[in-house]
Each structure stands twice: as structure tokens, then as C-alpha cells.
1. Lysines near residue 227 by alpha-carbon distance under 23 Å, same-chain residues fewer than 8 away left out - which ones?
2. Relative contact order of region 28-76, please, whole-number percent, based on alpha carbon pairs below 8 angstrom and at least 6 residues apart.
3. Suppose R0 equals 22 Å. What FRET efficiency, 1/(1 + (r/R0)^6) with r the Cβ-Cβ distance, do residue 71 and residue 202 give to the nearest 0.05?
4. Considering Cα pairs under 8 angstrom that are at least six residues apart, work out the relative contact order of the chain and quote it in whole percent.
5. Can you list the aspartates and glutamates whose alpha carbon is less than 17 Å from that of residue 7, not counting same-chain residues fewer than 8 positions off?
6. Pick from 44, 161, 33: which residue has the top mean-square fluctuation in a GNM of the chain where Cα pairs under 10 Å get a spring?
7. Straight-line reach from residue 105: which aspartates and glutamates fall under 16 Å, measuring Cα to Cα and dropping same-chain residues less than 8 apart?
8. Using only the alpha carbons, work out the radius of gyration and Dmax of region 25-80 in angstrom.
Amino acid sequence: MKVSVWKGGAEGAFQEFEVPRQPSQTVLDIVTYIQRTLDPTLAYRYACRVGMCGSCAMTVNGAPRWTCRTHVDKVVRGERLQISPLKNLPVIRDLVTDMREFFDKWARAQGQFSGSRRRNDDFHTVKPRSPDRVQVDAAIECIGCGVCYSACDVVAWNPDYLGPAALNRAWTLVKDERDGAKLERLRAVAGDAGCHSCHTHMSCTERCPKQLSPTASIAGLKREVLKSLVRGEL
Ligand code: SF4
Ligand code: SF4
Ligand code: FES
């Protein structure tokens, strides 16, 4: 099989390699084969190899994917494969992107839990079937892999946009009854770079390897922002 792999930084170029096909081969197997056998300088990132860490995300034949969970058979076209770094993020080298701005946006969206109880207060029990908890049942499973962020056209047009993952995280905290910073968080996501910039393209939801729906989370944030505006809280 012929595999084109991105080499270099933002101004790099694709380099072609010949890689033998194997049964049950994943795209990460291909990248690992190239690095171990053909080009030891190839930079790439992975950790768990079983779809738990999200660090192996790359662009495969144009779409962002976890390479360890992508079988070659499913994506190969005419015995050819093209592998490049995630879009919408600066390239450090080869297949490795700089995730700093992705996580900086989590901080800008107030993605950190802000406890409302003090050391001597009793534990805050969250009922698993309470309406707020049920609304974020899926969304809390996000592992911050960046696939949705890489798939989002609005991030490409407006690099300031917080993006689907940071907004999904904000949504889980807005619905967390233990959190004491709901209004600050809604304020953080209500601006031009926040939830109202989402055009509901659903690319994030289509591409999320965990089948989460950041689009639904963002729609929830829009509703909560509107309710707070009507109440005169924002
Ligand atoms: S929402 Fe899905 S695609 Fe986006 S960062 Fe979380 S796990 Fe990855
Ligand atoms: S639904 Fe919104 S966040 Fe998701 S890809 Fe589309 S514009 Fe981006
Ligand atoms: S290496 Fe961890 S998800 Fe692929």
C-alpha cells in the first residue's frame, strides 16, 4: 500500500512510503511501522492504543480520527492512504500538533470545576437520575482528544471561537449542581467567540469517536444563556 505522510511543520510536505498490508491493521499500526522501519525521524503521538486517551488523533484521508481505532480496511481508497496532523491546530512537527490553544480555550470557557461547599460541609450528593445529571450523561465522557475541534469549520474561519469540546465541557459544569460558578461560566460562553458562533453544522457530532454530541451541548448553552438574559442575570 502507498501511504502519504505529512513531514515537517506547517510548511512541510507529504512524503510517500510503501507499507505491507496486514490483517486487522490499524492506521496507528501503519504509522508505527513507518517510524520503526522506514523513517525513525517521524514524529507522532499515542499512548493507550485502545481508544481511551485520544492522543493518537490525526487526519486520515481528509477526516479527523483516532488512528488506533481506525482499521485500514475501512478508510483505504485504491490501496492509498493519506495521513496528516489534526487540522485547526498548529503543527509542531510531522503528525504532532500543539494542543495548547485547544486547552487554553477550555480555561477561557471556565471549564474548571468551582466547588460551592467548604471543607466542613457535608458531601453534596448528586442523584444519578436527576434531570440536570441526565442531560450531561453522555457529555461528561469527553476525553479531550480534539477530533471535534479539528472537524469544526467555524474554528477554521474564526480561530477565536471556543470550539465544540470547550463548550461541551462548559455545558457539563453548567448542569453540575455542585458547581458555584454558573453565571461566570455563562458569561464566558455568551460572547462572540462562544456558543452563539456555532452554526450547528454537526461536523463535531458526526466525527466524535465517542458518539457524543457537542452540538446538543452547545444548543443547551444557548438556551441557558437566553434564560439568564431574560431573568436579567447576565
Ligand atoms: S467531544 Fe468527542 S471528539 Fe470532541 S474532544 Fe470530546 S471525545 Fe474528542
Ligand atoms: S455544530 Fe457547531 S461546534 Fe460543532 S462543528 Fe458545527 S459549528 Fe462547530
Ligand atoms: S492511542 Fe489512545 S486513543 Fe488511540
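Each value in this text was obtained by applying a stated rule to the coordinates, not by laboratory testing. Values in this document were obtained by computation on a predicted structure and should not be read as measured data. Backbone-built Cβ (ideal geometry, glycine too); neighbour counts: all protein chains shown.
1. Of all the lysines, those that pass the test against residue 227 - Cα under 23 Å, at least 8 places apart if same chain - are 175, 182.
2. On the way: 46 pairs, mean separation 13.7, N = 49.
Here the relative contact order equals 28 percent.
3. Values: r = 24 Å, r/R0 = 1.10.
The computed FRET efficiency comes out at 0.35.
4. Values: 397 pairs, mean separation 40.9, N = 234.
Normalised by residue count, the contact order of the chain is 17 percent.
5. Straight-distance partners of residue 7: 16, 18, 39, 94, 98.
6. 33
7. Here the aspartates and glutamates satisfying the reach criterion relative to residue 105 are 160, 184, 192.
8. When restricted to the Cα atoms of region 25-80, Rg and Dmax are 11.0, 30 Å.
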